[in-house]
Amino acid sequence: MDTRQWRCFFAVAENLNFTKASARLYMTQPSVSYQISSLENELGVKLFVRDSHAVKLTQNGSYFYQHMGKIMQEYNDLVQRLRELDSGAIGTISLGFLGPISNSMMSHWIHDFAIAHPAVGLNLNRYTLTGLDEAVSSNQVDVGFTMSLGQESAGGVHRRTLYTDDLVLALRLDHPLASRDSASLTMLETTPVVTLTREASSPVLNWLERSCHRNGFDLRIVRMVPDVETLLLMIEAGLGVAVISRRMVEFYPQYQVKCLTFADEVPKVRFEAIWHEKSDNPLLSQFLMTLPEG
């Protein structure tokens, strides 16, 4: 049984006239008759009584019409939903982010997208930096909001810079270096350093370790912590200094720390949207349209 047979049956059942049914379907009358006969043969029952004067539904035909009407409506609804899914009118998009700094970026973009696509579901999940990269690479997340220093490259993953920020040296307000106007990487040779864990900030930490090594010394890392708030608390408590994005510090004004701009040539931090090139979610392109180009 196919949908062509269904449509012919319903047209004849609702018109009780093969000529009118043919006109409604834009088919020839013999074609409609053939489809009805094929359907009856397949079902093994007569659906219509035909004579030279009228067409009537049999008892079996009436029963079939009643129940197939529900099935036909479900089928039509299904087709409509599939088309809406394919066009991006409905569906779900999964977004991954690193933490509060990502939240501050994402909120207005998500709001704009939600207003424009009220029938779309939004799944939001927080990850470590490493976990987010893996989730995007495996297509568990449609769009990830992450950070890099512009050197990262993963096969099949596209990146769009949303905005850039400066790396700064964050320290306690009364730290001996706080009176300076700028910082130098060589200051870290004799200064205890606190950092985010490699999972939380591997691009910055890897770059920092390489840069210090090129300057002839190793970082004196006294503690590694998983989140920015704990890091700033340790800086404010005088347990060490940190190299961090300026915007991350500004996001937590409750912590009294000073930021020194580096006089050295240091890379910009890039806050990025990332997605897999093989994503088949039709909502992806529509969501990307709401994001800026940094």
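Looking at Val136, Phe262, Tyr252, which one has the Cα that reaches farthest to the positive end of the dipole of the chain (charges on Cβ: Lys, Arg +1; Asp, Glu -1)?
Farthest towards the positive end: Val136.
If you place +1 on the Cβ of every Lys and Arg, -1 on the Cβ of every Asp and Glu, and leave all else neutral, what size is the dipole of the chain about its Cα centre, to the nearest 20 Debye?
Numbers: 26 positive and 32 negative charges, 173 e Å.
Rounded to the nearest 20 debye, it is 840 debye.
Once R0 is set to 45 Å, what does the formula 1/(1 + (r/R0)^6) return for the Cβ-Cβ distance between Ser184 and Ala119, expressed as a FRET efficiency to the nearest 0.05?
0.25
How many lysine pairs does the chain hold where the Cα atoms are under 23 Å apart and the two sit 8 or more places apart or on different chains?
Lysine pairs meeting both conditions in the chain amount to 6.
Working from Cα positions, state the angle (0 to 90°, nearest 10) between the long axis of helix 59-87 and the longest principal axis of the chain.
The angle comes out at about 30 degrees.
Against the longest alpha carbon principal axis of the chain, how many degrees, from 0 to 90 and to the nearest 10, is the axis of helix 3-15 turned?
Helix 3-15 sits roughly 50 degrees off the main axis of the chain.
Please give the helix 29-43 orientation as an angle from the longest Cα principal axis of the chain, in degrees from 0 to 90, rounded to the nearest 10.
Helix 29-43 and the main axis of the chain meet at about 80 degrees.
Would you compute, for the Cα atoms of the stretch 167-267, the largest minus smallest coordinate along each principal axis and list the three values in descending order, in whole Å?
Extents along the principal axes: 35, 32, 23 Å.
If exposed GluC sites (Glu not before Pro) are those in a DSSP loop with at most 11 other Cβ within 10 Å, what is the longest stretch of the chain that has none?
Answer - 1-264.
Only loop residues by DSSP count here, and only those with at most 16 other Cβ atoms within 10 Å; note down the trypsin sites (Lys or Arg not before Pro) in the stretch 221-294 that meet that.
Answer by residue number: Lys268, Lys278.
Hey, can you grab everything whose amide H is under 5 Å from the amide H of Thr58? Only 5+ residues off in sequence or another chain; H modelled, so Pro and N-termini drop out.
Close amide H contacts, sequence-distant or interchain: Phe48, Val49.
Only counting other Cβ atoms within 10 Å, I'd like Leu82, Leu188, Leu149 sorted with the fewest neighbours first.
Neighbour counts put them in this order, fewest first: Leu82, Leu149, Leu188.
Relative contact order, percent, of the stretch 167-267 when contacts are C-alpha pairs under 8 Å separated by at least 6 residues?
50 percent
At 0.36 nm per residue, minus the direct Cα-Cα distance, what do His213 and Glu277 gain on full extension? Give it in nm, one decimal, please.
Working: separation 64, 0.36 × 64 = 23.04 nm, distance 3.60 nm.
Stretched fully, the His213-Glu277 segment lengthens by 19.4 nm.
Bear in mind these aren't lab numbers, they're just calculated from the coordinates by the rules spelled out. Predicted, not measured: the structure shown is a model, and the values here were computed from it. Positions of Cβ are backbone-derived with ideal geometry, glycine not excepted, and every protein chain shown enters the neighbour counts.
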